[in-house]
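**Student:** My questions will all concern the structure given below.
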Amino acid sequence: MATSLHSNQISAGQEHAPGGSQNPVLVTKDSYEELEEDLSLDVDQSRPRHASGVIAEIVESRQHSEVDSNQNNAAVDYPATDQQVKGITADTNHLSLGDGQLTDESEVFVEEEEQRLRSGSVLQTVEKTKPAVVEEDIHSAAWKKHKKHIFILSEAGKPIYSRYGNEDKLVTLMGVIQALMSFVQDDKDSLRSVVAGGHLIVFLLRQPLMLVAASSTGESQQQLFLQLRYMYNQILSVLTHTQLNRIFEQRRNYDLRRLLSGTERFLNSLADLMDSDPCFLLTAVRGLPLDNTVRDVIGQSMQSAKVKDLVFAILIADGQLVTLVHMKKYILHPADLHLVINLLKASTSFETSDSWVPLCLPNFDSSGYLYSHISYLDDSPACLLLMTVDQMAFKEMENCKQKILEKLKKHNCLAAIKDSVKRGSYTCQEVGISELRHFLYKNKSTAQFTAPSWGAPYSDPAEQERLFSLYRFVHQKVHNPARPLKILFYVGSHESALGWITSGFELYAVFSPLTTKQVAILAVNKILKWIKKEEERLFILNPPEY
Amino acid sequence: MSGSRVDLKVVLLGKEAGGKTSLVERYLHDRFHPNVPYQNTIGAAFGAKKVEVGGINVTMGIWDTAGSERYEAMSRIYYRSARAAIVCFDLTDDTSFDRAKFWVDELLKNEPDCKIYLTGTKYDLIEEEKRPRKVEETKVEEYADEIHCLVYETSSKTGQNIKELFYKIAQDYVEDPKNREPEVDEGIIDSSQPNTKPDKCSC
Ligand SMILES: Nc1nc2c(ncn2[C@@H]2O[C@H](COP(=O)(O)OP(=O)(O)OP(=O)(O)O)[C@@H](O)[C@H]2O)c(=O)[nH]1
Ligand SMILES: [Mg+2]
């Protein structure tokens, strides 16, 4: 039973949430709101769905400024002084949790495991095997047993991608999907989802593509939609929306796999990552834990090496963001950054040489590419991406990279990054709450999150997967559009969990099974205090701008 | 390596999985990973190497491009102002030779100053694994005569002919009277100055 307890009032101010900042590096829009908007466009087709035109805008403004700088005959420089940077830091040093205090009296919904079992969202058996490298027979039991299938096909029903097995062998299935979707579409009502045989099947139409997920993981329709959107964006990131449309306008029957060759690896890796990395669930980015003075030096080094037309300079280590410098007017969407992280994860070839890669970031501009200089710095785990609108600017970016590299070496930053990666995230014990087993904390004003490492009892991948499935469940409960909950307490046989959403943050915490709600609430307040204390190390709060 | 001045821009072109990355990897790092699954290049990768030819130091900037069709439209930014092109085809794949011809045509049309080295890759597959040769030597020779270029057959697995190929490229460059004049410092852009040169080349 869902019980609700009344309280005087709780509200957590956004500005006081740990890890908050007034100048976010990332777009902070809520992903579910975004999804709602996105899906509503299926009906109202007058508004454009895709971000477009930003690159053209930058190119144009560059032509203006070229004229300007030729007239003045002077170089433009954008260094921020030390004082400026320190001044910003000082502002975020206050701490007041008053607003965000959770008390025993707060309105908390309690959910028992039984209900979750009945709703089919408990992962009973865990898929232990990694996706097979050998091609699977689609009639085999193994193929049918996969927890989540993802299919992509063209509107004409041509197979483009299947997560498992060879998409060629799925022609019949693809045909059925295509018939279903166009049937419902003709009815001016697009097919969203069906439940069949313990599977939730979700359909996303993104002309000229159709995307389908068939899942028995207990995930909600929205969660699956978000994943399909990621898959779609992965395709856009190599082709652009403009090019994709043009191809199918010319030939409805085009076999897109020809153009996508090699992209399957990135789609597979993305699908696997979405099943294990909470960053997608939270639409947030994890910062690499780093002393804030080190991070500031890195940011300043990247900023002072600025060259013309550089839109984003991003430093990533081990899938975590070290820091990011952006052109003042333009900020990056976390979902675009996730595609970049996936790109690095799925490809080892960047490690050996400097690359020059056209990348479309669909939330930034789906109509064109940002040209990206990608290099690992000095055989360290730190990977630098320099993104520009000028496709001929490799040499300028190469020089920019050299300057950054020299500065980082001079200040020993690469060693600090290496250490942090080697150490990994903090353990849950460090937080010092005995009942606490694990947590995820997202600050909404920065779209960043933090989590301890997978310590005991979650060292085993199968246990991690079970925990992840619990997070998904709580997440889905507190995000349910029909009945949005602010706080949920879940009582299960393996563990208890608390989910809490405020205007400033989302927190999901997992406790040992007999932990009471009262104890959990106390613990959650302690977590927030601990994060506040550590926020400068865990979050990127004052990223410099160009 | 990078950041230093590049004298000679070399570009590799050819069908996907034709062996370009393996060739560069062998030359720059003297290694070959037979058991690592094939990863297609995305965009292009840049590497540099110094060679000495008859007492003259030449720094080669080597562009390993992606063979995938979707990068075709932007291939020009990679081969633009290259002085040498290694046009690769896989000796065990006849369609890769058609693709090589496509690149030769492109180069002849757009970069007349770029010297072409037609290169059949994966020779070890024919020699050691007895895979059938799909591109006949005579056919390649005839074509090479027609377009006046040199032909090499290489193996990145054994390293066969790879040092020789790059050395020859450097040698041809040094011996070409057109390249006698010491070039202006093209490899370094001083970013404190606004770049007003209308014609930039990407290395
Ligand atoms: N036995 C053998 N295999 C080779 C040789 N060269 C390349 N290969 C294999 O052929 C496949 C493709 O090689 P790559 O060098 O990645 O091909 P590429 O031309 O760079 O491909 P793209 O980047 O897609 O354009 C890989 O599996 C290599 O291991 C060779 O000389 N001998
Ligand atoms: Mg390659």
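The values are calculated or read from the model by the stated rules, or taken from the named source; none is laboratory data. Note that the coordinates shown come from a computational prediction; the quantities given were computed from them, not determined experimentally. Don't worry about glycine lacking a Cβ; one is built from the backbone with ideal geometry, like all the others, and counts go over all protein chains shown. In case anyone asks, the SASA skips ligands and DNA or RNA and just uses the protein heavy atoms, side chains included. Shrake-Rupley method; radii C 1.70, N 1.55, O 1.52, S 1.80 Å.
**Student:** Using a Cα distance threshold of under 21 Å, what count of lysine pairs results for region B:31-154 when pairs must be 8 or more residues apart or interchain?
**Tutor:** Close lysine pairs found across region B:31-154: 12.
**Student:** Tell me which trypsin sites (Lys or Arg not before Pro) from region A:267-350 have a DSSP coil assignment and no more than 15 other beta carbons within 10 Å of their own.
**Tutor:** A:Lys328, A:Lys329
**Student:** Sticking with this one: Ranked highest first by average number of other Cβ atoms within 10 Å, how do A:477-489, A:373-385 line up? It would help to have the intermediate numbers written out before the result.
**Tutor:** Details: A:477-489: 16.8, A:373-385: 20.6.
Final packing ranking: A:373-385, A:477-489.
**Student:** Counting other C-beta atoms within 10 Å, and keeping those with at most 12, which DSSP coil GluC sites (Glu not before Pro) do you find in region B:41-140?
**Tutor:** Values: sites: B:Glu52, B:Glu69, B:Glu72, B:Glu106, B:Glu127, B:Glu128, B:Glu129, B:Glu136, B:Glu137; in loops: B:Glu128, B:Glu129, B:Glu136.
Hits after loop and neighbour filter: B:Glu128, B:Glu129, B:Glu136.
**Student:** Separate question: At a 1.4 Å probe radius, which order do A:Ile160, B:Ile56, B:Ile126 fall into by accessible area, largest first? Numbers along the way, then the final one.
**Tutor:** Details: A:Ile160 10, B:Ile56 85, B:Ile126 30 Å².
Largest accessible area first, the residues go B:Ile56, B:Ile126, A:Ile160.
**Student:** Continuing with this model, one more query. List, in order, the whole-Hz ³J(HN,Hα) value for each residue of region B:65-71 obtained from phi through the Karplus relation with A = 6.51, B = -1.76, C = 1.60 and θ = phi - 60°; use x for Gly and Pro.
**Tutor:** Running phi through 6.51 cos²θ - 1.76 cosθ + 1.60 with θ = phi - 60° gives 8, 8, x, 4, 4, 6, 9 Hz.
**Student:** Pairing the Cα long axis of helix B:94-110 with the longest principal axis of chain B, what angle in degrees results, from 0 to 90 and rounded to the nearest 10?
**Tutor:** The two axes meet at around 20 degrees.
**Student:** Take every residue in peptide A:384-396, count the Cβ atoms of other chains within 10 Å of its Cβ, and give the average of those counts. Please report the intermediate quantities before stating the final value.
**Tutor:** Numbers: counts 0, 0, 0, 0, 0, 0, 2, 4, 6, 5, 11, 14, 5.
Going residue by residue through A:384-396 and averaging, the value is 4.
**Student:** Right, something else. For the interface of chains A and B, what total accessible area is buried with a 1.4 Å probe, rounded to the nearest 100 Å²? Spell out each step's value before the answer.
**Tutor:** On the way: alone 24240 and 11370 Å², together 32480 Å².
Interface between A and B: roughly 3100 Å².
**Student:** How about A:Lys517: which lysines have a C-alpha closer than 18 Å to its C-alpha, ignoring those fewer than 8 places off in the same chain?
**Tutor:** Correct list for A:Lys517: A:Lys477, A:Lys486, A:Lys526.
**Student:** Separation of region A:256-286 and region A:314-330 by C-alpha centroid, Å?
**Tutor:** 19
**Student:** Averaged across the residues of B:70-81, what count of C-beta atoms belonging to other chains lies within 10 Å of each residue's C-beta? Don't skip to the answer; put the middle values down first.
**Tutor:** Working: counts 10, 4, 1, 2, 5, 0, 1, 7, 2, 0, 1, 0.
Per residue, the average neighbour count from other chains is 3.
**Student:** List, in order, the whole-Hz ³J(HN,Hα) value for each residue of region A:380-387 obtained from phi through the Karplus relation with A = 6.51, B = -1.76, C = 1.60 and θ = phi - 60°; use x for Gly and Pro.
**Tutor:** 8, x, 7, 10, 9, 10, 10, 10
**Student:** Under the rule a/c < 1.5 gives rounded, and otherwise a/b versus b/c splits prolate from oblate, where does region A:394-508 land using the Cα gyration tensor? It would help to have the intermediate numbers written out before the result.
**Tutor:** Details: a/c = 2.87, a/b = 1.83, b/c = 1.57.
Prolate, because a/c is 1.5 or more and a/b exceeds b/c.
**Student:** A further question follows. Please give the average number of partner chain Cβ atoms lying within 10 Å of the Cβ of each residue in B:44-53, rounded to a whole number. Provide the component values of the computation, followed by the final result.
**Tutor:** Details: counts 7, 10, 9, 3, 3, 0, 0, 0, 0, 0.
Mean partner shielding for this stretch: 3.
**Student:** Taking a 24 Å limit on the Cα-Cα distance, which of the listed pairs A:Lys29/A:Lys148; A:Lys345/A:Lys442; A:Lys407/B:Lys20; A:Lys29/A:Lys409 fall beyond it? Display every interim value, and only then the final one.
**Tutor:** Numbers: A:Lys29/A:Lys148 27 Å; A:Lys345/A:Lys442 22 Å; A:Lys407/B:Lys20 34 Å; A:Lys29/A:Lys409 36 Å.
Pairs exceeding the cut-off: A:Lys29/A:Lys148; A:Lys407/B:Lys20; A:Lys29/A:Lys409.
**Student:** Below 18 Å, Cα to Cα, which lysines can A:Lys158 reach? Residues fewer than 8 away in the same chain don't count.
**Tutor:** Partners within reach: A:Lys169.
**Student:** Okay, next question. At what distance in nm do the modelled label points of A:Glu249 and A:Ser140 sit from each other, each positioned 7 Å from its Cα along Cα→Cβ?
**Tutor:** 4.3
**Student:** Taking the Cα atoms only, what angle lies between the long axis of helix B:137-147 and the longest principal axis of chain B, rounded to 10 degrees?
**Tutor:** With rounding to tens, the tilt is 30 degrees.
**Student:** In deg cm²/dmol, rounded to 500, what helix-only [θ] at 222 nm does chain B give when every DSSP H run of at least 4 residues adds -39500 (n - 2.57) and the total is split over its residues? If you can, show how the numbers build up before the last one.
**Tutor:** Working: 6 runs with 62 residues, N = 203.
Helix contribution divided over all residues of chain B: -9000 deg cm²/dmol.
**Student:** What does the highest-first list of A:515-522, A:350-357, A:318-325, A:194-201 look like by mean Cβ count within 10 Å? Could you put the intermediate results ahead of the total?
**Tutor:** On the way: A:515-522: 18.1, A:350-357: 20.8, A:318-325: 23.1, A:194-201: 13.2.
Result, highest mean first: A:318-325, A:350-357, A:515-522, A:194-201.
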